[in-house]
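Read through the structure below, which is laid out as structure tokens, and then see the notes.
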Amino acid sequence: METKKKTVLTYGTFDLLHFGHLEILRRAKEMGDFLIVGLSTDRFNEIKGKQCVHDYQTRKNMLEAVKYADLIIPEEDWEQKTKDVQDHHVDLFIMGDDWAGKFDYLKDYCEVKYLPRTKGISTTKLKALL
Ligand code: C2G
């Protein structure tokens, strides 16, 4: 009997893709069968106050090369998560624990888990090295 495929959803900017990003994508994928990544658009990064090295298409191309990511969707605003969860029949929402508690409203629609960030690496650190 086919067991229902578990869909997982996470969001981020994923600029200068690094090991910390891969680690959350790996763990998120391992908790289900299909991982959707909401990738912040360049416009949304402006709203988030994030200066990116790579534009959306480049960040999308890099994520599509990551075996854990099954589908990349654009993240354009703070409001779309509930609709994304419903439209894609998401079972589990994952974010790094720097966001702990921020998306608990999604518990009405799916499981919500915050995973420990990978220590010692960040896009900000990498930019300082560049
Ligand atoms: N991350 C991590 N360990 C690091 C760096 C990042 O686990 N050393 C995780 C973050 O916690 C986040 C994901 O990687 O879950 C993506 O990080 P960012 O690209 O910095 O995303 P952010 O700007 O936090 O955007 O609506 C949610 C936002 O779009 C999240």
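What follows is calculated from the coordinates using simple rules that are stated; it is not laboratory data. Fair warning: this is a prediction, and the values are worked out from it, not measured in the lab. Backbone-built Cβ (ideal geometry, glycine too); neighbour counts: all protein chains shown.
Report, in listed order, any pair from Lys102/Lys127; Lys5/Lys50; Lys4/Lys48; Lys29/Lys107; Lys29/Lys127; Lys60/Lys81 with a Cα-Cα distance greater than 29 Å.
Lys5/Lys50; Lys4/Lys48
Mean-square fluctuations from a GNM of the chain, with a 10 angstrom spring cutoff on Cα atoms, peak among Val112, Val66, Val37 at Val66. The phi-based Karplus calculation (6.51 cos²θ - 1.76 cosθ + 1.60; θ = phi - 60°) puts the 3J(HN,Hα) values of region 22-36 at 4, 5, 6, 5, 4, 5, 4, 5, 5, 8, x, 10, 9, 10, 9 Hz, whole numbers, x for Gly and Pro. Each Lys and Arg Cβ is given +1 and each Asp and Glu Cβ -1; about its Cα centre, the chain then shows a dipole of about 500 debye. Helices in the chain, meaning DSSP H runs of at least 4 residues, each add -39500 (n - 2.57). Divided by all residues, the mean residue ellipticity at 222 nm is -9000 deg cm²/dmol.
Contact order, relative form, for region 1-107: 35 percent (alpha carbon pairs under 8 Å, 6 or more residues apart, mean separation divided by residue count).
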